[in-house]
Amino acid sequence: MTVPLLEACDLHYAYPGAAAAARLCPGQRCDALAGSTLAIHRGARLALLGNNGSGKSTLLLHLNGTLRPDRGEVRCDGAPLGYGRRALAALRQRVALVFQDPDDQLFAGTLAQDVSFGPLNLGLDEAATRVRVAASLTAIGLADRADLPLHMLSHGQRKRAAIAGALALQPDLLVLDEPTAGLDPAGVALLLDHLDALHAGGMTVVLSTHDIALARDWADEVALMHDGRIVAGGSPESLRDHPCLRPAVFRRSRISEVP
Amino acid sequence: MLHAIDACAHTNRWRTQGGPMALFCAGLMGCALLAPPLAAAPFVAAAASAAAVLGARVPAALFFRTLLVPAGFLATGALALCVTLDLEHARLGFSGAGAATALATTLRAAAGVTVTLCFACIVPTAQWIALLRRARVPAVVLDLLLLVYRTLFVLDAEFLAIRRAQDNRLGFRTARVAGRNAARAVAVLFLRSLQRAARLERGLAARGYVDRLPVLTPPSTATRHTYAVAALVPALVAVAAVVLGAGQ
């Protein structure tokens, strides 16, 4: 059996202050992750499916070391992650994370400058960086907007700009937190086309979503998340009759009935 | 206005001429500050306006309408200088010396403001930050400038959203309610700016940020010829100002 590219093993995590909030609101969980286990294999196209507050974003933040678990561990190529400066830098080159809100990670004066941040951090010279920036912007369909400031881009374009910033690192694994949130159907279709092209080029892609149809249609593999745990996983076909994946059930948030 | 000026800086004809425009504006600013104001200010303002409107094709309406805002402040300050308080007769009077000072100060300031606006409308932020980098300004200062520039627009969008949300729920129905809600909007914006800063820090950490924000230098089409022209115009303005100033 092949070693997964990245593996989350029994992750537990609580945000600071969550326990105090849980005392004020009986019934509220204090653990954002309560034993999440997930394996991501090379070449996968995986959708992490769950309701709001199920822990999807928190789990994704663990995958590139942005958050460190209270308990459990993340393994990359079978080796536990290190959280030192060098180890994290090496990990973030391999595992690029794209946040749900693009304004959480875009900062520079122009689009091209923002995309150049990652390659320059890797120590590439300016000529090599320009090549990577051009390739990333072309891959995501924004080459003609390279010299525009970020606030002159639409929300959908800023989402793609954030992806371009991640692609410029040439990662093995691209992790996207709710990439289709706030996009119209045409924007979703365009984004998925770009993701398909990246996957066809050999990149492993993981995205989180609460859109069942998107998970079914796009992913090769789906992991269902609820209350900070992965409660089911497999191909969309194998989960077709899963009670969680019946749209009406999902909409009524009865995913909690899953054992 | 902030958005209009920024958009103009990123779309004008000379947007990739950051170096020459910085030289041009620095020269004109030097003339405005050092040359005799009565002679220099009209030339400086005319040269800056012509460069912006005729050269870089900045929309004239935007350029001159924007100048009206500082002009209002300058006029108010000039009026105050023209007035003197006669303590003997306990009345306000006109001061000839004050008026002369007001004229010189206002002309100097108006010329300086025109040059500043010319620079703001023509040179994109990325270009002038690159110039500061070449001038060996410490990297941490430039990183801060980049973040402030980006954050300004993010928070401007947030503030607009907050104001619209209040307005849609009749938050500005009366002057009293409007004042109270404007203060609430500012308070909310303060909290949001802290949250935004925390989220941006996390986002940048996920992209490999440690203690620097390196970015590419924006493309420049400046040549020796454009630098020469950019230096020549302020020099001519200075000569004209000195010659005319000596004759006065």
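The values are calculated or read from the model by the stated rules, or taken from the named source; none is laboratory data. All figures in this text were calculated on a predicted structure; none of them were measured in a lab. Glycine gets a Cβ as well: all are built from the backbone with ideal geometry, and neighbour counts include every protein chain shown.
Here are a few things to note about the model shown:
- Top-ranked residue in region A:205-219 [being of a type outside the set (Gly, Ala, Ser) and under 16 Å from A:Leu6 (Cβ atoms); ranked as surrounded by the fewest Cβ atoms within 10 Å (Cβ to Cβ)]: A:Val205
- Residue in region B:125-139 that is at positive phi and among the aliphatic types (A, V, I, L, M) present: no
- The sole residue among A:Gly202, A:Gly123, A:Gly182, A:Gly141 that is surrounded by fewer than 18 Cβ atoms within 10 Å (Cβ to Cβ) and without any contact (Cβ under 8 Å) to a residue 12 or more places away in the chain is A:Gly123.
- Restricting attention to region A:144-158, the residues being away from chain B (no Cβ under 13 Å) and buried (at least 24 other Cβ atoms within 10 Å of the Cβ) number 0.
- Only residues that are part of a loop (DSSP other than H, G, I, E, B) and either among the β-branched types (Val, Ile, Thr) or in contact (Cβ under 8 Å) with a residue 60 or more places away in the chain (or both) were counted in region A:105-120, giving 2.
- Residue match in region B:11-18 (condition: out of contact with any helix residue (DSSP H, G or I) (no Cβ under 7 Å at 6 or more places or on another chain), more than 14 Å from B:Thr114 (Cα to Cα) and outside any loop (DSSP other than H, G, I, E, B)): yes
- Complete set of residues in region B:208-243 that are among the charged types (D, E, K, R) and outside the structural domain of B:Pro36 (by TED's automatic domain parsing): B:Asp211, B:Arg212
- Odd one out for A:Ala96 among (1) within 11 Å of chain B (Cβ to nearest Cβ); (2) assigned to a helix (DSSP H, G or I); (3) of a type in the set (Gly, Ala, Ser); (4) farther than 19 Å from B:Ala130 by Cα: (2)
- Here A:Leu195 fulfils each of the conditions (1) within 23 Å of A:Asp103 (Cα to Cα); (2) out of contact with any Lys or Arg (no Cβ under 9 Å at 6 or more places or on another chain); (3) crowded, with 18+ Cβ neighbours inside 10 Å apart from (2).
- Among the residues of region A:9-34, those identified as more than 27 Å from the chain's Cα centre (by Cα) and farther than 18 Å from A:Asn52 by Cα are A:Ala20, A:Arg23, A:Leu24, A:Pro26.
- When residues of region B:187-196 are limited to those that are touching a residue at least 24 places away in the same chain (Cβ under 8 Å) and not polar (S, T, N, Q), the one farthest from the other protein chains (Cβ to nearest Cβ): B:Val188
- Output for region B:200-234, where each listed residue is outside any loop (DSSP other than H, G, I, E, B) and more than 7 Å from chain A (Cβ to nearest Cβ): B:Glu201, B:Arg224, B:His225, B:Thr226, B:Tyr227, B:Ala228, B:Val229, B:Ala230, B:Ala231, B:Leu232, B:Val233, B:Pro234
- Flag if A:Gly55 is within 14 Å of chain B (Cβ to nearest Cβ) and either buried (at least 19 other Cβ atoms within 10 Å of the Cβ) or touching a Ser or Thr at 6+ places or on another chain (Cβ under 9 Å) (or both): no
- Among the residues of this structure, A:Leu106 counts as one that is over 11 Å from B:Gly208 (Cα atoms) and within 10 Å of another protein chain (Cβ to nearest Cβ).
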